[in-house]
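The values are calculated or read from the model by the stated rules, or taken from the named source; none is laboratory data. Everything quoted here is computed from the prediction, not taken from an experiment. With ideal geometry, Cβ positions are generated from the backbone for all residues, glycine too; neighbour counts draw on all protein chains shown. Ligands, DNA and RNA are stripped out before the accessible areas are found, and what is left, the full protein with its side chains, is counted by its heavy atoms. Shrake-Rupley method; radii C 1.70, N 1.55, O 1.52, S 1.80 Å.
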Amino acid sequence: MLNASLSHVDCWIFDLDHTLYPQSMCLFDQISEKIRHFVMRDLGMSGERAETLRHELWEKYGTTLGGLMTEYDVEPTRFLQDVHDVDLGDLHEDPVLRLRIEALPGRKIVFTNGPIAYAHNVLAARGLTDLFDAVYGCEDALLVPKPQAAAYDAIIKRDSIIPTKAAMFEDAARNLVVPHALGMRTIHIADTPDDSDHIHHHTTDISAFLDDLRRAL
């Protein structure tokens, strides 16, 4: 089944957070807390209100930054540098994951809503440096975040991706809606399956999925 579904793919697109490292490593908890403090400080809000706003803007715009820029005219560079200045000590290298990604036939890229510098830092901590053909951050999508269609359009154009020959790995199910509509194969990485029509495959373990895929191909 994996072979029939993915044998035509020649471009593999990976999200970063909770995709190329497991949620259990808790890195995004640090980012969420830094966003809360940023909102508290810059908008003069209580911690409770800042946390509520963080979630509201994430739901509405795809990222908290997208909402802060649109509704509060927040300067993005300072925000991105501030909230992504995190301790990567809980991340560790994963040589098995590296080998399994490396074995994929075709082009391999990372596309994250985070900034490029942060993406490279995370990849280095995971032992995945120099593995991918390209690493795209929010700057490459002109700060338009997934799941907005314009974000995918920017990366597809920049990398000359043929969507019908591409597959995308993502932990956020809503970020797979547009890729599916464009003709990509979609792989959802989460503890709980999502049976939405826009998800072709689900896994709780990306490394195990890639090993099964290698055997199938």
- line: Taking 72-80, 14-22 and ranking on average Cβ neighbours within 10 Å, highest first, one gets 14-22, 72-80
message: Rounded, prolate or oblate for segment 92-194? Axes are the square roots of the Cα gyration tensor eigenvalues, ordered a ≥ b ≥ c, and the cut-off for rounded is a/c under 1.5.
response: rounded
field: Mean ellipticity per residue at 222 nm, deg cm²/dmol - from DSSP H runs of n ≥ 4 across the chain, formula -39500 (n - 2.57)
entry: -13500 deg cm²/dmol
query: Using a Gaussian network model of the chain with C-alpha springs under 10 Å, which one of LYS165, LYS157, LYS146 is most mobile by mean-square fluctuation?
result: LYS157
query: For segment 172-217, what % of the accessible area comes from carbon and sulfur atoms, probe 1.4 Å?
result: 45
task: Obtain the nm distance between the two label points defined at THR77 and GLN30 by a simple spin-label model: each point lies 7 Å from its Cα along the Cα-to-C-beta direction.
output: 2.4
- prompt: In whole Hz, what ³J(HN,Hα) sequence does segment 30-43 give by Karplus (6.51, -1.76, 1.60; θ = phi - 60°), x for Gly and Pro?
  reply: 5, 5, 4, 5, 5, 5, 4, 5, 4, 5, 4, 6, 7, 9
- prompt: Magnitude of the Cβ-charge dipole of the chain, K/R +1 and D/E -1, about the Cα centre, nearest 20 debye?
  reply: 600
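Return the carbon/sulfur percentage of the accessible area of segment 73-118, one whole number, probe 1.4 Å, all protein chains in place.
The value for segment 73-118 is 50 percent carbon and sulfur by accessible area.
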query: Using r as the Cβ-Cβ distance of THR70 and ARG49, and R0 as 22 Å, what FRET efficiency do you calculate, to the nearest 0.05?
result: 0.75
field: Per-residue HN-Hα couplings for segment 203-217 [Karplus 6.51, -1.76, 1.60; θ = phi - 60°; Hz; x = Gly/Pro]
entry: 8, 9, 9, 5, 5, 5, 4, 5, 5, 4, 5, 4, 5, 6, 7
message: Check which residues have an amide H placed less than 5 Å from VAL110's amide H, if you skip close sequence neighbours.
response: PHE14, ALA134, VAL135, TYR136
task: Normalise the Cα radius of gyration of the chain by 2.2 N^0.38 Å (N = residues in it) and let me know the number.
output: 1.01
task: Enter the Cα centre distance for the pair segment 175-199 and segment 48-99, rounded to the nearest angstrom.
output: 22
query: Which order, highest average first, do 187-198, 117-128 follow once you tally other Cβ atoms within 10 Å for each residue and take the mean per peptide?
result: 117-128, 187-198
task: Kindly count the pairs of lysines across the chain whose alpha carbons are less than 16 Å apart, treating pairs on different chains or eight or more residues apart as eligible.
output: 5
statement: Probe 1.4 Å, heavy atoms of protein chains only: per residue, the accessible area of segment 1-159 in Å² is 48
